[in-house]
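The values are calculated or read from the model by the stated rules, or taken from the named source; none is laboratory data. What you see is a predicted model, and the numbers here were worked out from it, not measured in a lab. A quick note on method: Cβ atoms are made from the backbone with ideal geometry, for glycine too, and the neighbour counts reach across all protein chains shown.
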Amino acid sequence: MVERLVLLETEVIKYEGLFEAKEVIGVIKQWAKDKGYVYLEISHIETTKPEGKYVEINGMCFKKLTDYTKSLMRLRVQFNDYKDVVIDQDGKKKKVHEGKVAISTTGFIETDYEGRWESKPHFYFMRILWHKYVYSPLISGHETQIKEDVTMLRNNVKSFLNLTQFQ
Amino acid sequence: MGEYSIPLQIIKHRGFFDHEKLIQTLQGWFPENGYDPAVDLKQKPSMLRLGHDFLYKIKGNKKVTDYIKFYVEVSLKEYNVQGVELIQDGKKIKTSEAEILIEVSAKQEADWQKKFAGKGEFIKWLGEILEKRILKYRINDYYEDKLIAEVLGLCGLLRDTMGQEV
């Protein structure tokens, strides 16, 4: 069975104000493209309520690092109570959205995702030894890489939404 | 021999949409992308009207190579379908309103012609070497990515047809 270890706990980025929904998703897609991740939307919900539109996207980004380890990021994007508004930008009219955005991300590392070390008890025993004493430096390198990737995405989203605080 | 599925894609929509256009888009995507039209009874599109609910299922397969075959299945469910008239830019438009649930599942099959199956232990072993060793990355990376890209394209097209914004 696949073993999944949480490397970065769920962090929710919240924003309220003007935004362009497609561009927010575009930031995530661009990050996935740059970092070699596959971006998949597991579910995509769009509904219209009296108080505004509601969009919820549950997605995941994954990258096979080796035959044994895989980087995985769970993603949940919510656009809540948003409405279309027209703003003046450099003398030109532009349609944007106004509402609430919540983006939660969690970073994981998956080991033995092909389930090849689980078929026989002695394979499993060997896997534990291999994982603990032989492969551990490489895995810790992968963990660092995944943490950096997820942190980069969080920073990209925050800077896109103008949430970065300078001290 | 082996089947490799990709995660199920779910699209939900509540609001206005063009029913006919959605069905046409769905039906058109399969031949446009090289998928064989449904042949046997199980693969024929099935439609069922249950009061104001609408269920539709379509399956397609594509022979990518002599060894690899893609399968895509779309299940479309429309609940509480109601015909409505909208006034858009001063014009009256007939459209529908419903709750929609679309599920897209896809998988790839290796050795779909069963060339290596049931022909003695040696041939079976050769088939396993081919699938698990020689073509492993071709199947798990290249063809999987290709299938994911096709399915994401279909999902995007369906979302655009329903008028989803994101």
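General remarks:
- Lone qualifier among B:E150, B:E121, B:E131, B:E144 - being touching a Gly at 6+ places or on another chain (Cβ under 8 Å) and not small (G, A, S): B:E131
- In segment A:42-66, the residues that are facing another protein chain (nearest Cβ under 9 Å) and touching a residue at least 24 places away in the same chain (Cβ under 8 Å) reach residues that are buried (at least 17 other Cβ atoms within 10 Å of the Cβ) and basic (K, R) with C-beta atoms within less than 6 angstrom, at least six apart or across chains, in these pairs: A:K64/A:K70.
- Looking only at residues of segment B:138-149 that are modelled with pLDDT of 90 or more and either exposed (fewer than 15 other Cβ atoms within 10 Å of the Cβ) or hydroxyl-bearing (S, T, Y) (or both), we find that the one that is farthest from A:Y37 (Cα to Cα) is B:Y143.
- When A:L161, A:L72 are checked against the criterion of being in contact with a Cys (Cβ under 8 Å, 6 or more places away or on another chain), surrounded by 15 or more Cβ atoms within 10 Å (Cβ to Cβ) and of a type outside the set (V, I, T), A:L72 stands alone in meeting it.
- Taking (1) out of contact with any Asp or Glu (no Cβ under 8 Å at 6 or more places or on another chain); (2) part of a helix (DSSP H, G or I); (3) surrounded by 14 or more Cβ atoms within 10 Å (Cβ to Cβ) in turn, B:F122 satisfies each apart from (3).
- Long-range neighbours under 9 Å by Cβ, at least six apart or interchain, first residue surrounded by 21 or more Cβ atoms within 10 Å (Cβ to Cβ) within segment B:64-83, second of a type in the set (S, T, Y) and not in a loop (DSSP other than H, G, I, E, B): B:I68/B:Y143; B:F70/B:Y143; B:V72/B:S105; B:V74/B:Y56; B:V74/B:S105; B:L76/B:Y56; B:E78/B:Y56; B:E78/B:S96
- If you check A:G141, A:G107, A:G115 for being in a helix (DSSP H, G or I) and closer than 30 Å to A:G36 by Cβ, only one passes: A:G141.
- Boolean, B:Q113 is outside any helix (DSSP H, G or I), modelled with pLDDT of 90 or more and more than 29 Å from A:Y37 (Cβ to Cβ): yes
- Restricting the first member to segment B:1-19 and to residues that are closer than 14 Å to A:I57 by Cβ and facing another protein chain (nearest Cβ under 7 Å), and the second to residues that are of a type in the set (A, V, I, L, M, F, W, C) and not in a strand (DSSP E or B), the beta-carbon pairs closer than 7 Å and six or more apart or on different chains are B:Q9/B:V151; B:Q9/B:C155; B:I11/B:C155; B:I11/B:L158; B:H13/B:M162.
- Residue among A:T10, A:T66 that is loosely packed, with under 13 Cβ neighbours inside 10 Å and either within 21 Å of A:D112 (Cα to Cα) or of a type in the set (G, A, S) (or both): A:T66
- Members of segment B:153-166 found to be touching a Ser or Thr at 6+ places or on another chain (Cβ under 7 Å) and either at the interface with another protein chain (Cβ under 9 Å from one of its Cβ atoms) or not hydrophobic (A, V, I, L, M, F, W, C) (or both), listed by number: B:T161
- Checked against the criterion of being closer than 30 Å to A:I128 by Cβ and either among the acidic types (D, E) or modelled with pLDDT of 95 or more (or both), the candidates A:E51, A:E9, A:E23 yield just one match: A:E9.
- Between B:E103, B:E150, B:E109, the distinction of being touching a residue at least 60 places away in the same chain (Cβ under 8 Å), more than 14 Å from chain A (Cβ to nearest Cβ) and out of contact with any helix residue (DSSP H, G or I) (no Cβ under 8 Å at 6 or more places or on another chain) belongs to B:E109 only.
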